[in-house]
Ligand SMILES: *Cc1c(COP(=O)(O)O)cnc(C)c1O
């Protein structure tokens, strides 16, 4: 079996040396050697994110969507929805039996501070959920501005941020921006296998959690905090992911965070230029295109299924669009372990396929 190289926005490729770093002996999770690893990983994450405290979850980010709302909503949540992932967070909030409303924006548009201001002015809400980088549409909303508005005008309202496909590819300063939770599963820009999530949490989220009953146990942030203080996790964690994070954090230190973010911006520019040079149109609202993936509106009417099949033959896994956008919008992921040279080779293979299909250059 030959595995195609992934250019889909998650999971993303994992480097060989990362896979090797993940493969280390098990240690007991109530031992000093575990706490040492826990401290290295959480301290490293806290430094990169500018966060006071980072919790580790051995589950996908969907579980942390649930933790965020179940540990904070007392009155009513406002789910900001401008794509498929944000819509799912709203569905999940409802499924938890929590009072909530969706603020729906057309797909492809960003969430703006004015949108949030108008909704919060009603006084109905105590919690806001935001997907920073909508992976389904390739749109990145202006997080710093939204958080700034809330910190200034609505300081008592909690802000939860899904940064699943932006964290580790884009700068986020959790404490400076006063984010209450900010989390990412690690199969996107962290360039690790799926099944693990890192989550920055503010002190006031822990305080709020203490006031709320029926949070369950596994996702109770109060419990996670109790174990965090002992440099432990409440239940047996995925050690390979912790070794993997240790390795990626070392990579980031070598590349420097600024260098890593600049690499993502550079690759985004390459992908956007390539799309425009082919007469295609970028899907996201102008000025809000994601630095970690590029969503292209297929105005040229390319046969995406045929391209997908041909690229698979060349050893690449292409994206054909998420959910209702399938066939209409396709995405090029350029995050994590993807290097500019990898992207250049992918786009050259794409060009080869187009030429073979007789698509005018
Ligand atoms: C991939 C993705 C998710 C889902 O992550 P899981 O780890 O599969 O739960 C959530 N939000 C965004 C923005 C994503 O890109």
Flag for residue 72 being crowded, with 21+ Cβ neighbours inside 10 Å, in contact with a helix residue (DSSP H, G or I) (Cβ under 6 Å, 6 or more places away or on another chain) and in a loop (DSSP other than H, G, I, E, B): yes
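Rundown of residues vs (1) within 16 Å of the ligand (Cβ to nearest atom); (2) part of a loop (DSSP other than H, G, I, E, B); (3) crowded, with 24+ Cβ neighbours inside 10 Å, yes/no style:
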residue	(1), (2), (3)
174	no, yes, yes
179	yes, yes, yes
189	yes, yes, yes
194	yes, yes, no
206	no, no, no
217	no, yes, no
225	no, no, no
230	no, yes, no
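Just checking, which of 87, 61, 102, 67 is farther than 25 Å from residue 210 by Cα, within 16 Å of the ligand (Cβ to nearest atom) and within 17 Å of the chain's Cα centre (by Cα)? Reasoning before the result, please.
Working: 61 fails: farther than 25 Å from residue 210 by Cα; 102 fails: within 17 Å of the chain's Cα centre (by Cα); 67 fails: farther than 25 Å from residue 210 by Cα.
The match here is 87.
Select from segment 308-323 the residues that are in contact (Cβ under 8 Å) with a residue 12 or more places away in the chain and surrounded by fewer than 19 Cβ atoms within 10 Å (Cβ to Cβ) and write down the one among them that is farthest from residue 359 (Cα to Cα).
Going residue by residue through segment 308-323, those that are in contact (Cβ under 8 Å) with a residue 12 or more places away in the chain are 308, 310-312, 314-323.
Those still in the list that are surrounded by fewer than 19 Cβ atoms within 10 Å (Cβ to Cβ) too: 308, 312, 314-315, 317, 320, 323.
On the way: 308: 15, 312: 18, 314: 18, 315: 21, 317: 20, 320: 18, 323: 26 Å.
Among those residues, the one meeting the criterion is 323.
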With criteria (1) away from the ligand (no atom under 12 Å from the Cβ); (2) touching a helix residue (DSSP H, G or I) at 6+ places or on another chain (Cβ under 9 Å); (3) closer than 29 Å to residue 267 by Cα, residue 46 comes up short on (2)
Quick check on segment 254-269. Is at least one of its residues assigned to a loop (DSSP other than H, G, I, E, B) and free of Cβ contacts under 8 Å to residues at least 60 places away in the same chain? yes
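Just to be sure before I move on: is residue 14 in contact (Cβ under 8 Å) with a residue 40 or more places away in the chain and either farther than 16 Å from residue 236 by Cα or not in a loop (DSSP other than H, G, I, E, B) (or both) in the structure I sent?
Numbers: in contact (Cβ under 8 Å) with a residue 40 or more places away in the chain: yes; either farther than 16 Å from residue 236 by Cα or not in a loop (DSSP other than H, G, I, E, B) (or both): yes.
Yes; evaluated as a whole, the condition is true for this residue.
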Out of the residues in segment 143-172 that are within 16 Å of the ligand (Cβ to nearest atom) and in a loop (DSSP other than H, G, I, E, B), state the one that is surrounded by the fewest Cβ atoms within 10 Å (Cβ to Cβ). 172
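Readers should treat all values here as calculations from the given coordinates under stated rules, not as data from a laboratory. This structure is a prediction, so every number in the text was calculated from the model and none was measured. Here the Cβ is made from the backbone with ideal geometry for all residues, glycine too, and neighbour counts use every protein chain on show.
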